[in-house]
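So the structure is just underneath, and the comments pick up after that.
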Amino acid sequence: MGDTKITVRDFDFYYGTNKVLHGITLDIPKNRVTALIGPSGCGKSTFLRSINRMNDIIPGVHVEGKILVDDQDVYASRVDVVSLRRRVGMVFQKSNPFPKSIYDNVAYGLRINGLRDRRKLDEAVERSLQRAALWEEVKDRLKDSALALSGGQQQRLCIARALAVDPEVLLMDEPASALDPIATQKIEELVYELKNNYTIVIVTHNMQQAARVSDRTAFFMLGKLVEYDDTRTIFMNPSVKMTEDYITGRFG
Amino acid sequence: MRKFKSNLIITLCGAAVLLALVPLAMILFYVISQGFSALNLAFFTELPKPVGEVGGGMANAIAGTLILIAIAALIAVPVGVLSGVHLAEFKGTRFSSAVRFSADVLNGVPSIVIGIFAYGLLVLPLRRFSALAGGVALAIIMIPVVARTTEELLRLVPGGLKEAALALGATRARAMFTVILPAALPGILTGILVALARVAGETAPLLFTAFNNRFFSTNVTQPIGSLTVQIFTYAISPYDDWHRQAWAGALVLVAMILSLSIIARLVTRRLERMSRG
């Protein structure tokens, strides 16, 4: 299966005293797409947001166990959350471009890193937009507001913005759930492209999407990891009855 | 019957609107009809003449009002906006609820009381009335308004923007000042201009802080004239000529405040259009 990028061991997550993740243990392979599936409220998004510590901004959360990205303990006390998030980028369910120009959106992450050189910024913006398959559509209007783009374009812009800082891991929280089928297809093709250079973890409610884009699939239920295997195995020949019931639509 | 009730309520609403608009229209009509005849170029360029001499103007008071609201803005905008940022960013803490409550209380304190406070704070120790003391009094009136407006508008910014900035490796402060605050800026600017318009019309807090000055002054450590105090002084005098001048002053003041409100609208619209694209 190749190298492991993210190692998770006995990871528990609490909102106050409410335990929402129970002893999650799994290895996420490098340069592959790993899909997290499961019914609403099963903890898959919470788990995803734990990898780059986005849950830190919610008061009263607390975790036990370990998440390692390349052997670095994400929750070790000396970890700099800011530099962690530069290595582990994120794309959200609802596209959230800044009310700035297309250019300034993509350049944002680089600028807060201190990059000022205009030529380097131009190059990075073009490269990121090309990787997100948006360059051809926006190259003549980089100065226009990002809010003038369509929903699908906005989401690809958010992907370009996340790619601009050159992360190693890209976390995607239902990136296509608010998009029409054509825009969804573009995002899926993009995910497929991107896995050559990035390790991708994607949460989705869409079974077909998980089957189409991912190499590995993890099925979550009530805060527990029920089954984790190659996507083909999960969909063709799951070893747990609950997994089969869920993917065939018997509940969820 | 149901239709009748609905119509009745709609009619009552309309009547209430009319009732609210009538005094406004009357004030405008009265100020314009009384003030316009006394208004001329000299009113803007000349200083007040001694009693008995015809003519003269309120150049000192117009400049004074502008200086006073500039001092107020200089103090209240940074303090108010930063307090608003704090309130929005640390909304749940005991300290921020205390600050929010005090801001609301301060907002309700009669302006003359704030004048007395500024008198004790600056006039007594410095042993003289000054533009600075007047500006500080006006700033204290502005701060809670600016702080609460900033807080409310920052809260309206979608949480997704903050998450996006944090996920790109921005610190909390960075996210606030490069993304959240700019997104709320049009509204905050409007709030600031509305607050400025409000303090530009204050008289009571200036009576024993900025006091008054019949001469042109730009020295912030000296007493300074203002339109409102000048209007008050002239209006209670027994001289017809001063009464006319007071009406003209009132007209200029109303025009100033009106233009501040209009500028606020234009700035907001322009900024919003820029960000929407």
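For the condition within 14 Å of chain B (Cβ to nearest Cβ) and closer than 30 Å to B:Glu89 by Cβ, what is the one hit in A:Leu48, A:Leu21? Let's see the steps before the verdict.
Details: A:Leu21 fails: within 14 Å of chain B (Cβ to nearest Cβ).
Every option except A:Leu48 fails the conditions.
Only residues that are surrounded by fewer than 17 Cβ atoms within 10 Å (Cβ to Cβ), touching a residue at least 40 places away in the same chain (Cβ under 8 Å) and under 20 Å from the mean Cα position of the chain (by Cα): list them for the stretch A:213-252, please.
Residue satisfying the conditions is A:Lys224 alone.
Taking the condition surrounded by 16 or more Cβ atoms within 10 Å (Cβ to Cβ), modelled with pLDDT under 95 and in a strand (DSSP E or B), does A:Val63 pass? Before the answer, list the steps.
Details: surrounded by 16 or more Cβ atoms within 10 Å (Cβ to Cβ): yes; modelled with pLDDT under 95: yes; in a strand (DSSP E or B): yes.
So A:Val63 fits the description; yes.
If the requirement is being within 12 Å of chain B (Cβ to nearest Cβ), in contact (Cβ under 8 Å) with a residue 12 or more places away in the chain and in a helix (DSSP H, G or I), which of these qualifies: A:Leu170, A:Leu147?
After applying the criteria, what remains is A:Leu147.
Give the number of residues within the stretch A:76-88 that are without any contact (Cβ under 8 Å) to a residue 40 or more places away in the chain and either within 14 Å of another protein chain (Cβ to nearest Cβ) or crowded, with 18+ Cβ neighbours inside 10 Å (or both).
Kept after step one, since they are without any contact (Cβ under 8 Å) to a residue 40 or more places away in the chain, are these residues of the stretch A:76-88: A:76-85.
Right, trim to either within 14 Å of another protein chain (Cβ to nearest Cβ) or crowded, with 18+ Cβ neighbours inside 10 Å (or both) and you get A:79-85.
Adding up the residues that qualify gives 7.
When the residues of the stretch A:24-45 are narrowed to those that are over 17 Å from the mean Cα position of the chain (by Cα) and assigned to a strand (DSSP E or B), which ends up nearest to the other protein chains (Cβ to nearest Cβ)?
Across the stretch A:24-45, the extreme among qualifying residues is A:Ile24.
Right, A:Val63: within 22 Å of A:Ala164 (Cα to Cα) and β-branched (Val, Ile, Thr) or not?
On the way: within 22 Å of A:Ala164 (Cα to Cα): no; β-branched (Val, Ile, Thr): yes.
Taking the combined requirement at face value, the residue does not satisfy it.
Working only within the stretch A:132-144, note down all residues that are more than 14 Å from every other protein chain (Cβ to nearest Cβ) and either closer than 12 Å to A:Val106 by Cα or in contact with a strand residue (DSSP E or B) (Cβ under 6 Å, 6 or more places away or on another chain) (or both).
A:Ala132, A:Leu134, A:Trp135
Condition check ((1) within 30 Å of A:Gly89 (Cα to Cα); (2) away from chain A (no Cβ under 14 Å); (3) modelled with pLDDT of 90 or more; (4) buried (at least 18 other Cβ atoms within 10 Å of the Cβ)) across all residues:
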site	(1), (2), (3), (4)
B:Gly201	no, yes, yes, no
B:Gly225	no, yes, yes, yes
B:Trp247	no, yes, yes, yes
B:Gly277	yes, no, no, no
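Does the stretch B:164-183 contain at least one residue that is at pLDDT below 95, surrounded by fewer than 22 Cβ atoms within 10 Å (Cβ to Cβ), under 17 Å from the mean Cα position of the chain (by Cα) and of a type in the set (Lys, Arg)?
Checked the stretch B:164-183: no residue is at pLDDT below 95, surrounded by fewer than 22 Cβ atoms within 10 Å (Cβ to Cβ), under 17 Å from the mean Cα position of the chain (by Cα) and of a type in the set (Lys, Arg).
When only residues in the stretch B:209-223 that are of a type in the set (Val, Ile, Thr) and surrounded by fewer than 21 Cβ atoms within 10 Å (Cβ to Cβ) count, which is farthest from B:Ile116 (Cα to Cα)? Show your work before the answer.
So in the stretch B:209-223, the residues of a type in the set (Val, Ile, Thr) come out as B:209, B:218, B:220-221.
From what is left, the residues that are surrounded by fewer than 21 Cβ atoms within 10 Å (Cβ to Cβ) are B:218, B:220-221.
Working: B:Thr218: 23, B:Val220: 19, B:Thr221: 18 Å.
Step by step, filter the stretch B:209-223, then rank; the result is B:Thr218.
Would you check if there is a residue in the stretch B:175-196 being in contact with a Gly (Cβ under 6 Å, 6 or more places away or on another chain) and free of Cβ contacts under 8 Å to residues at least 40 places away in the same chain? Step through it out loud before you land on a result.
Initial filter on the stretch B:175-196 (in contact with a Gly (Cβ under 6 Å, 6 or more places away or on another chain)): none.
No, that holds for no residue.
B:Leu168 - would you say it is closer than 30 Å to A:Val88 by Cβ and touching a residue at least 60 places away in the same chain (Cβ under 8 Å)?
On the way: closer than 30 Å to A:Val88 by Cβ: yes; touching a residue at least 60 places away in the same chain (Cβ under 8 Å): no.
Taking the combined requirement at face value, the residue does not satisfy it.
If you take the residues of the stretch B:176-192 that are at the interface with chain A (Cβ under 9 Å from one of its Cβ atoms) and of a type in the set (A, V, I, L, M), which of them is farthest from A:Ile57 (Cα to Cα)?
Looking only at the stretch B:176-192, we keep the residues that are at the interface with chain A (Cβ under 9 Å from one of its Cβ atoms), and these are B:178-179, B:182-183.
Retained after the next criterion (residues that are of a type in the set (A, V, I, L, M)): B:179, B:183.
Details: B:Val179: 17, B:Ala183: 20 Å.
This residue is B:Ala183.
Among the listed residues A:Ser77, A:Ser83, identify the single one that is assigned to a loop (DSSP other than H, G, I, E, B) and more than 12 Å from the chain's Cα centre (by Cα). Quick ask: steps written out before the conclusion?
Details: A:Ser83 fails: assigned to a loop (DSSP other than H, G, I, E, B).
Result: A:Ser77 is the single residue among A:Ser77, A:Ser83 that is assigned to a loop (DSSP other than H, G, I, E, B) and more than 12 Å from the chain's Cα centre (by Cα).
Can you name the condition, by its number, that A:Val63 falls short on among (1) closer than 22 Å to A:Pro29 by Cα; (2) more than 9 Å from chain B (Cβ to nearest Cβ); (3) not polar (S, T, N, Q)?
All conditions are met except number (1).
Looking only at the stretch B:207-260, count every residue that is in contact with a strand residue (DSSP E or B) (Cβ under 9 Å, 6 or more places away or on another chain) and either assigned to a helix (DSSP H, G or I) or charged (D, E, K, R) (or both) and tell me the total.
Of the residues in the stretch B:207-260, 6 are in contact with a strand residue (DSSP E or B) (Cβ under 9 Å, 6 or more places away or on another chain) and either assigned to a helix (DSSP H, G or I) or charged (D, E, K, R) (or both).
Would you confirm, using the coordinates I've provided, whether A:Thr184 is in contact (Cβ under 8 Å) with a residue 24 or more places away in the chain, away from chain B (no Cβ under 12 Å) and in contact with a Lys or Arg (Cβ under 8 Å, 6 or more places away or on another chain)? Write out each step before concluding.
Values: in contact (Cβ under 8 Å) with a residue 24 or more places away in the chain: yes; away from chain B (no Cβ under 12 Å): yes; in contact with a Lys or Arg (Cβ under 8 Å, 6 or more places away or on another chain): no.
Criteria not met by A:Thr184.
So that you can scan it fast, the table gives a plain yes or no per residue for (1) of a type in the set (Ser, Thr, Tyr); (2) surrounded by 13 or more Cβ atoms within 10 Å (Cβ to Cβ); (3) touching a residue at least 24 places away in the same chain (Cβ under 8 Å):
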position	(1), (2), (3)
B:Val51	no, no, yes
B:Gly56	no, yes, yes
B:Leu66	no, yes, no
B:Ala72	no, yes, yes
B:Pro78	no, no, no
B:Arg94	no, no, no
B:Phe117	no, yes, no
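Any residue that is away from every other protein chain (no Cβ under 12 Å), buried (at least 24 other Cβ atoms within 10 Å of the Cβ), out of contact with any strand residue (DSSP E or B) (no Cβ under 8 Å at 6 or more places or on another chain) and of a type in the set (S, T, N, Q) - is there at least one of those in the stretch B:137-150?
Scanning the stretch B:137-150, I find at least one residue that is away from every other protein chain (no Cβ under 12 Å), buried (at least 24 other Cβ atoms within 10 Å of the Cβ), out of contact with any strand residue (DSSP E or B) (no Cβ under 8 Å at 6 or more places or on another chain) and of a type in the set (S, T, N, Q), so the answer is yes.
Could you list, in sequence order, all residues of the stretch A:89-120 that are part of a strand (DSSP E or B) and either more than 8 Å from chain B (Cβ to nearest Cβ) or farther than 13 Å from A:Leu163 by Cα (or both)? Break it down into steps so the answer makes sense when it comes.
Initial filter on the stretch A:89-120 (part of a strand (DSSP E or B)): A:89-91, A:101.
Listed by number, the residues that qualify are A:Val91, A:Ser101.
Quick one: which helices (runs of 4 or more DSSP H) lie wholly within the stretch A:186-252 and hold at least 2 residues that are among the hydroxyl-bearing types (Ser, Thr, Tyr)?
Working: elements: A:207-213, A:231-236, A:241-247.
Per the criteria, A:231-236, A:241-247.
The values are calculated or read from the model by the stated rules, or taken from the named source; none is laboratory data. Treat the numbers as computed from the prediction; the structure is a model and nothing was measured. Backbone-built Cβ (ideal geometry, glycine too); neighbour counts: all protein chains shown.
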